[in-house]
Amino acid sequence: MDLQQPPAVPPPLSEQVSRFPESPGVYLMKNGVGFPLYIGKAINLRSRVRSYFLDAHDGRPNIPFMLRNVDHIDWIATNNETEALILEANLIRRHQPKYNVDLRDDKHFPYLKVTVQEPFPRLLVVRRVERDGAKYFGPYTDATAMRRLVAFARRIFRLRDCKRVLPAARPGRPCINLSMHRCSGACNGTISIAAYREQVEHLLRFLAGRRIDLIHELSRRMEKASQELRFEDAASLRDQIRLIKDASRLQQVDLKLDDTDCDVFGLADGERGICLAVLQVREGLLVNSHHFLFAKTTWTHANPSHDNLFLQFYLARGDEPPPLIFIPDNAGFSLDSLQIWVNQQFNKKIEISIPQKGNRKLLIVMAIKNAHLYLNQKVTHNEAQDLTDLQQVLQLPVYPETIEAFDISNIGAAFSVAGMVQFKGGRPNKSAYRHYKIKLVVGQNDFAMMMEVVTRRLTRLYEEDKPFPDLLLIDGGPGQLHAAQEAIELFENPPEIASLAKQEEILYAAHLPDSVKLPPTHPARKLVERIRDEVHRYAIMFHRKVRGKQFSSSQLERIEGIGKKRAEILLRKFGSLKRIKEAAVSEIIQVTGITEDMAMRIKGG
């Protein structure tokens, strides 16, 4: 099908659209098993949905691709456009359709984590947000400033940073941090849980930017301690207040907006990508920044309006917006609709505006600058071009920002393992690499093994509520691709999938009628070859490790008195058969269950 031509309307869909009401509402485009592929809002449902089948969608190949997968379209009528906007945002948040713009904050920058789920919480620097009950702040794009902030926080609130499990059964010996007044001594009982938790609450307010109220409270306590002649306590509180003021100056936004609470949205439009930045200013302090990356084709996919992103930002966090919200005039936000929504949703006065001059306009300029810098930093031109070329070659509906590749490695039916590597933005993301021992397949059946590992990987992501990759790349031809295709069909909104056959270097994709053979110099071919070679290397490396341990274990088990269990214990202790034989008898007999006679037989074997 020529993607530049309007797709023909199947009779069932044509009949559905002709019966749609001419009223505001939300439409849900669903596949054959009822999963929403796209959710949108409209002032006139019939007119909006009909436009999908009448417009040529020049420059937006995603839409014809999506429509080929649409089986039926449901709709929900509302009283007005504002109600449709709210319903759209809630449905997108619930179903996470594949073709809607995905508002996922980038997770590459560090966060501050306060482990409030522990009796004696800690302040940690982490790279990943997890559902563990802790409080997270960030991400922080300036790691140096963030670490200065951590240093101030530890001096002010004296929270522990050790890994001890507290409270302990009996007091332990404190580390040097207690003597340096950088810890309150929770490990040796110097401070009670209640007093420690009070410091934690102060820390949370400090990180959230609520410094003025905190300083006022500490000032009242300092005056009371002074009146009661508790001069040591008063001096400690005075030092805390000074440190909080010093830390605040590190984050002060010099725009003559003292004590202002506001959120500022900025949009950067790059050559192939778009970045939406949100700066959160509390009491005149820049306390948080959030960045969301989108492929350009995804951003311009549907309506020019992106109000649902605004709603998703606040609904997902569960926090009330500040009194002031500043938005740019190029982000596709409908000012009137958003103002009505916040008035209905939150029981307080919130002003949304598009600043045109003065200090408020400077905040918008700052947010736009942040978005541009972030966009330029995250994806280089060449990598973006390679991924864009791959998207066009495979006719992918989404920009393949995250690619995960799989490979099987075995010798006959023995030592069967698999490797998985992840590329983000065209670069290896080694922290996400995974390896698998084949558990369910007996004998040599590469197709079944591929189905097993892909199923295990997607099941793990689903159970951990993590997003699927944009593209799965399988090492092999149509057989391996078909096996992986069977695996992903078990999941709602599965990722796109393709395979690369060896030698011929031919690309196959489940949704393409024909294979794709690219010239050796094509950037997309070089990219997939690089990914394929990396997963092949990783799978072979794990295979050699497993094979080596298995051979060593079997050799040990042939020695009289050494069974499977003792062989495993020995290998865990020394790491390899070579090291066991190099060890002294006195070292070997220290392993539980190994006698001197056994050790001599091992050395002699």
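The values are calculated or read from the model by the stated rules, or taken from the named source; none is laboratory data. These figures come from a predicted structure and were not determined experimentally. Ideal geometry is used to build each Cβ from the backbone, glycine not excepted, and the neighbour counts take in all protein chains shown.
Consider the stretch 186-203 and keep the residues that are of a type in the set (A, V, I, L, M, F, W, C) and surrounded by 17 or more Cβ atoms within 10 Å (Cβ to Cβ). The one that is farthest from the chain's Cα centre (by Cα) is 191.
Quick grid of which residues meet (1) aliphatic (A, V, I, L, M); (2) closer than 24 Å to residue 468 by Cβ; (3) over 25 Å from the mean Cα position of the chain (by Cα); (4) not assigned by TED's automatic domain parsing to the domain that holds residue 32:
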residue: 497; (1), (2), (3), (4): yes, yes, no, yes
residue: 514; (1), (2), (3), (4): no, no, yes, yes
residue: 517; (1), (2), (3), (4): no, no, yes, yes
residue: 535; (1), (2), (3), (4): yes, yes, no, yes
residue: 541; (1), (2), (3), (4): yes, no, yes, yes
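Check residue 475 against each of (1) touching a His at 6+ places or on another chain (Cβ under 7 Å); (2) free of Cβ contacts under 8 Å to residues at least 40 places away in the same chain and name the one condition it does not meet. Going through (1) touching a His at 6+ places or on another chain (Cβ under 7 Å); (2) free of Cβ contacts under 8 Å to residues at least 40 places away in the same chain one by one, residue 475 breaks only (2).
Summed over the stretch 174-202, residues that are assigned to a loop (DSSP other than H, G, I, E, B) and touching a Cys at 6+ places or on another chain (Cβ under 8 Å) total 3. Taking first residues from the stretch 217-235 that are under 23 Å from residue 201 (Cα atoms) and assigned by TED's automatic domain parsing to the domain that holds residue 202 and partners that are part of a helix (DSSP H, G or I) and not aliphatic (A, V, I, L, M), the Cβ contacts under 7 Å between residues at least 6 apart in sequence or on separate chains come to 218/240; 222/238; 225/233; 234/226. Restricting attention to the stretch 355-409 and to residues that are among the aromatic types (Phe, Trp, Tyr) and within 29 Å of residue 66 (Cα to Cα), the residue that is modelled with the highest pLDDT turns out to be 406.
Of all the listed residues (267, 250, 255, 218), the sole one being closer than 26 Å to residue 360 by Cβ and at pLDDT 70 or above is 267.
Being free of Cβ contacts under 8 Å to residues at least 24 places away in the same chain and assigned to a helix (DSSP H, G or I) is the filter here, so list the residues in the stretch 511-536 that pass it. Hits for the stretch 511-536 are 525, 530, 533. Per the conditions (1) closer than 27 Å to residue 99 by Cα; (2) surrounded by fewer than 17 Cβ atoms within 10 Å (Cβ to Cβ), the sole criterion not satisfied by residue 479 is (1). Residue under question is residue 414, and the condition is that it be modelled with pLDDT under 85 and in contact with a helix residue (DSSP H, G or I) (Cβ under 9 Å, 6 or more places away or on another chain); does it hold? Yes; evaluated as a whole, the condition is true for this residue.
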